[in-house]
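Take a look at the structure set out below.
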Amino acid sequence: MTPSYHVVSLFPEMFAALADYGVSGRAIRNGLCRLRLWDPRDFTLDAYRTVDDRPFGGGPGMVMLAEPLDLALTAAKTALRREGVDQPRLVYLSPQGRKLDQALVEELTRETALVLLAGRYEGIDERLFERHDLMEVSLGDFVVSGGELPAMALLDALIRLIPGALGHEDSAREDSFADGLLDCPHYTRPETYLGLDVPAILRSGNHASVADWRLKQALGRTLRRRPELLQARSLSARETELLDALRREENTE
Ligand code: 9WO
């Protein structure tokens, strides 16, 4: 089934960055998934088309009104029901959410439909959470000015995993993180750039040695930069060997 991605956002035009460029743009153009935007301003009932108001209790900034968001989310759900999707997962992008990782991306690619909510200002009226089952997802411990860029990053991560989205079908399987490790270094032509050589092993034509070198590099980077990723992952006999070799090398340097 073709996945349908619905997004509720005050800035639907921003999603051209996702829909018109690169891997995600091609996937959407080729019909590998559908993207539909819902502007809460179109669901306002007052003459000023108001979407925000001052926070109860005072303080700086504005809060997104419950009603236009509620109506926009309900419209997205209704559209999906007409396509035969009954209980789509709703995702609100916020720094308070569950931290996104590749495992959650893979879990979400199994959904035939998602409704994403991109907030603005200081956030949304809390009562939205009582009307809709919103899963809060965070890309990390930082704040940007709205949920649109995080929503696009999440959608891009999802779309590139749809079969046929990447030209080379092995690319996603060989991604950094597909295997729970950081990526190995990459090189392309020329063989020497400003006196800096490409490692000889990569030009040896020995595919087994190349694979071994790449695995060792990936393990070494993960050990140095993100040791907690190794804790979370079981290692093959070969990986344990390479890791032991790396630890010995580190101690003799
Ligand atoms: C703004 C703000 C201003 C003063 C004091 C506290 C404040 N918090 C916020 C805030 O969190 N604004 C959010 C902006 C409201 C929801 C949408 N916005 C958002 C989402 N910023 N950053 C994200 C986000 C989402 C997912 N992963 C990382 C960041």
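Below are the figures for this structure:
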quantity: Subset of segment 222-244 [touching a residue at least 40 places away in the same chain (Cβ under 8 Å), part of a helix (DSSP H, G or I) and basic (Lys, Arg)]; calculated: 225
quantity: Residues within segment 193-217 that are on the phi < 0 side of the Ramachandran plot and open to solvent by 80 Å² or more (accessible area, probe 1.4 Å), tallied; calculated: 6
quantity: Members of segment 104-118 that are free of Cβ contacts under 8 Å to residues at least 24 places away in the same chain and either within 25 Å of residue 226 (Cβ to Cβ) or crowded, with 16+ Cβ neighbours inside 10 Å (or both); calculated: 107
quantity: Restricting segment 197-221 to residues that are among the polar types (S, T, N, Q) and part of a helix (DSSP H, G or I), the residue that is nearest to residue 175 (Cα to Cα); calculated: 217
quantity: Some residue of segment 23-39 being of a type in the set (Phe, Trp, Tyr), more than 26 Å from the chain's Cα centre (by Cα) and at negative phi; calculated: no
quantity: Pairs with Cβ under 6 Å, 6+ apart, first in segment 201-221 and among the hydroxyl-bearing types (Ser, Thr, Tyr), second at pLDDT 95 or above; calculated: 209/201
quantity: Meets criteria (in the same structural domain as residue 39 (by TED's automatic domain parsing), at pLDDT 95 or above and either surrounded by 13 or more Cβ atoms within 10 Å (Cβ to Cβ) or in a loop (DSSP other than H, G, I, E, B) (or both)) for residue 190; calculated: no
quantity: Residue selected from segment 122-144 under the condition assigned to a loop (DSSP other than H, G, I, E, B) and β-branched (Val, Ile, Thr), by the criterion farthest from residue 76 (Cα to Cα); calculated: 143
quantity: Residues that are among the aromatic types (Phe, Trp, Tyr) and within 16 Å of the ligand (Cβ to nearest atom), drawn from segment 136-179; calculated: 142
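The values are calculated or read from the model by the stated rules, or taken from the named source; none is laboratory data. From a predicted model like this one, the values you see are computed outputs, not experimental measurements. Cβ sites come from the backbone with ideal geometry, for glycine too, and all protein chains shown count toward neighbours. Remember, those area values only see protein heavy atoms, side chains included, never the ligands or the DNA or RNA. Shrake-Rupley method; radii C 1.70, N 1.55, O 1.52, S 1.80 Å.
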